[in-house]
Amino acid sequence: MNIEVIHIAETDSTNRYCRDLARQRQQDIVVWTDYQSAGRGCGTNTWESEPDKNLLFSVLLHPKEVAAADQFILSMANALALRDTLASYVDDVKIKWPNDIYWKDSKICGTLIETTLQGQHIGNCIIGTGLNINQTRFLSDAPNPVSLRQILDHEVDRQEVMHAVLDNIGKYMAMVETADWEGVRTRYRRHLYRLLETWPYRFTDGHEESCTLVNVSDDGHLELLTDNQEVCRLGFKEVQFVI
């Protein structure tokens, strides 16, 4: 993938930095930083990261011929790129729907995706990622963070991981661009956290129920098989994993 790499020592948000660049530039760009003062997770969540310890980056892409209705293919491709990168260091790496990366039952990587539209298609896609590399103490109220350093018991070169991530993003975006969407979807489903396992889930009304994760649909809905053998089709924020 032909992509410009920009490193900055500190910024409020690499996604915000990329949004500004998108107004001026048309090429694919990755912006990574040593410290992010206002890093976000999904919704109102923040992303905790010590300076100079982790990978904090955003990728600005211009996907071709991806309809707005099909945009979850970009989330799948990115999640696979991150999973494959981490799987080259440790075992038991899975994709927790929709796009978190887990090692066993702990979160090692989170992603926030922003898209703009041109007509009925995706114009710009900004993918912001926080990947825990060398941090050993987490002070926020996040329930289950983990880093490569904690798993491996030694430090890992952040730039080495960054280059591997970009190589894998290039590989999966090439599959998207050449319309091998079924290949992306098949791989994504294969690596899902708790696939075909029965665990409790918490629903928006507060009740918990044991369900079996049977699929994630092409448009990104989680499909759970309930005790009464009905398949519930749920969107983001309509259900939570109980971990």
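The values are calculated or read from the model by the stated rules, or taken from the named source; none is laboratory data. Since this is a predicted model, take the numbers as computed values, not measurements. All Cβ positions, even for glycine, are placed from backbone atoms using ideal geometry, and neighbour counts span all protein chains on display. To get the accessible areas, we keep the full protein, side chains included, count just its heavy atoms, and leave off ligands, DNA and RNA. Shrake-Rupley method; radii C 1.70, N 1.55, O 1.52, S 1.80 Å.
When all alpha carbon pairs of segment 115-169 are counted in 5 Å bins from zero, the resulting P(r) reads 4, 15, 18, 17, 14, 12, 9, 7, 4, 1 %. Ranking of F203, F236, F57 by solvent-accessible surface, largest first: F236, F203, F57 (1.4 Å probe, protein heavy atoms only, all chains present).
Accessible-area rank, largest first, for W32, W181: W181, W32, with all protein chains present and a 1.4 angstrom probe.
For the set K96, K171, solvent exposure ranked by accessible area (probe 1.4 Å, protein chains only) runs largest to smallest as K171, K96. Placing +1 on each Lys and Arg Cβ and -1 on each Asp and Glu Cβ, with no other charges, gives segment 185-243 a dipole about its Cα centre of roughly 440 debye. The Rg/Rh ratio for segment 1-106 is 0.96, where Rg is the radius of gyration of the alpha carbons and Rh is the Kirkwood radius. Dipole size of the chain about its Cα centre, with +1 on Lys/Arg Cβ and -1 on Asp/Glu Cβ: approximately 200 debye, rounded to the nearest 20. On a per residue basis, the chain carries 48 Å² of accessible surface, using protein heavy atoms and a 1.4 Å probe. Farthest toward the positive end of the dipole of the chain, out of V239, L55, S147, is the Cα of L55, where the dipole comes from beta carbon charges about the Cα centre.
Restricting things to alpha carbons, find the Rg to Rh ratio for segment 108-243 using the Kirkwood radius for Rh.
1.00
I want the local charge near L225. Using Cβ-Cβ distances under 13 Å, sum +1 for each Lys or Arg and -1 for each Asp or Glu among the other residues.
For residues surrounding L225, the net value is -3.
In a fully extended conformation the segment linking R189 and L117 would gain 23.3 nm over its present Cα-Cα distance, using 0.36 nm per residue. Of the whole protein surface, W199 contributes about 90 Å² of accessible area at a 1.4 Å probe radius.
When its C-alpha radius of gyration is set against 2.2 N^0.38 Å (N residues), the chain gives a value of 0.99. Here the accessible area of the chain is 45 percent carbon and sulfur, with a 1.4 angstrom probe and all protein chains present.
Whats the longest run of the chain with zero GluC sites (Glu not before Pro) that are DSSP loop and have at most 15 other Cβ atoms within 10 Å? By the stated rule (loop sites, at most 15 other Cβ atoms within 10 Å), 66-154. As a calculated quantity, the FRET efficiency between K64 and S88 at R0 = 41 Å, using C-beta atoms, amounts to about 0.90.
For the chain, the tally of Lys pairs with Cα-Cα distances below 26 Å comes to 17, considering only residues 8 or more apart or on different chains.
A crude spin-label estimate for the pair E230 and L139, with each label 7 Å from Cα along the Cβ direction, gives 4.7 nm. Net length available on complete extension from L152 to I8 is 49.1 nm, with 0.36 nm assigned per residue and the Cα-Cα distance removed. Taking all protein chains together and rolling a 1.4 Å probe, D141 ends up with roughly 150 Å² accessible.
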